[in-house]
Amino acid sequence: MPIPVIVCLISACFLLVVSLPALLQKKLHFGVVFPTAVSCLLFLYAALACILPDSRPLRICGVFLTGCIVFGAVTALICSLFMCFGWRRFSALRVKGDETVLVLGCRVYPDHLSKMLVGRLQAAYTLLCRYPGMQCVVSGGKGEDEPCSEAAAMKRWLVKKGIHPSRIKEEGFSRSTMQNFSFSAALIRQLSRAGRIIIATDFFHQFRSALLAQGEGLISCGAASFREPFLLPGYWLREIPGILYAGILLLRKKGVSHK
């Protein structure tokens, strides 16, 4: 069997295994749909290459696909290293107590909060209890299938846990992580002139969040949570293009500021 066919079959199986837990739970997002589509494409190529082993176009296609797989694997490895070491780096920064906790939104269901959102809120709640003077910004808009804004749901959760409403500011319009930071920056500077924040989000999300915070001129460290381990591979894959995009935005902003 030709090497490109073997590489494509191994890659297709890997991507399918990564996507399967989320597919079974119908948690569809880019980190699930894209690898599933790619795995189907790779399986299709491998089948055609076995049926038509002497086809020159298929041989050229196999070389191209192998190159794309190698490039994608190297890119994923580099981004994964940044995600792992970046999370440890930002989580290790010393908390002084004058920071603002920024909780990034996640899915809100009609009758409950998603496990990932509860994990982020729990990380924020621990800090708010430990530092009574610390303020909090909850950031997240209302999705089409959500009963209310994520910010409103998060504030209710924290208030029920005993955090005074005056310590919690809502940003209820953002629809993406990038907007979480761009829309929350003004609120954060009202609460902390130094722009120091603690980002409460999942550990794999910390590095990209830190890049976006830096782009807004904020000084950040992380309060990481970890929920939904079976869905982690799909979210991890989704994070890779997000990191690349956040890095490009940061470089552009630095380039503009130097002009």
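What are the residues whose amide H is under 5 Å from the amide H of Val137, where those residues sit 5 or more places off or on another chain and H is modelled from the backbone?
Answer set, sorted by chain and number: Val101, Leu102, Val103, Lys169.
For Lys26, which lysines qualify as cross-link partners when the Cα separation must be under 27 Å and same-chain residues fewer than eight apart are set aside?
Partners found: Lys115, Lys142.
Please work out, to two decimal places, the log10 of the ratio I(q)/I(0) at q = 0.09, 0.12 Å⁻¹ from a Debye calculation in which every Cα of region 111-247 carries one identical scatterer.
Here the Debye-derived log intensity ratios amount to -0.25, -0.45.
Report the gain in length on full extension from Phe230 to Cys61: 0.36 nm times residue separation, minus Cα-Cα distance, nm rounded to one decimal.
Length difference between fully extended and current span is 57.5 nm.
Separation between the Arg252 and Arg130 pseudo-spin-labels, each 7 Å from Cα along Cα→Cβ, expressed in nm?
With each label placed 7 Å out from Cα toward Cβ, I get 3.6 nm.
Between Asp98 and Cys40, what FRET efficiency comes out of the Förster formula 1/(1 + (r/R0)^6) with R0 = 35 Å and r the beta carbon distance, rounded to 0.05?
So the FRET efficiency works out to roughly 0.10.
Could you tell me the center-to-center distance, by alpha carbons, between region 27-58 and region 94-148 in angstrom?
After rounding, the separation between the Cα centres reads 40 Å.
What FRET efficiency, computed as 1/(1 + (r/R0)^6) with R0 = 25 Å and r the Cβ-Cβ distance, is obtained for His164 and Gln214, rounded to the nearest 0.05?
0.25
What FRET efficiency comes out for the pair Lys115/Ile6, r = Cβ-Cβ distance, R0 = 30 Å, nearest 0.05?
0.20
Give the dimensionless ratio obtained when the Cα radius of gyration of region 179-239 is divided by 2.2 N^0.38 Å.
Dividing the Cα radius of gyration by 2.2 N^0.38 Å gives 1.21.
So what's the chain giving for Cα Rg divided by 2.2 N^0.38 Å, two decimals?
1.17
What is the sum of charges, Lys and Arg at +1 and Asp and Glu at -1, for the other residues whose Cβ falls under 15 Å from the Cβ of Thr36?
Net of charged neighbours comes to +3.
Throughout, read-outs are computed from the coordinates displayed, never taken from laboratory work. These numbers come from a predicted model, not from an experiment. Glycine gets a Cβ as well: all are built from the backbone with ideal geometry, and neighbour counts include every protein chain shown.
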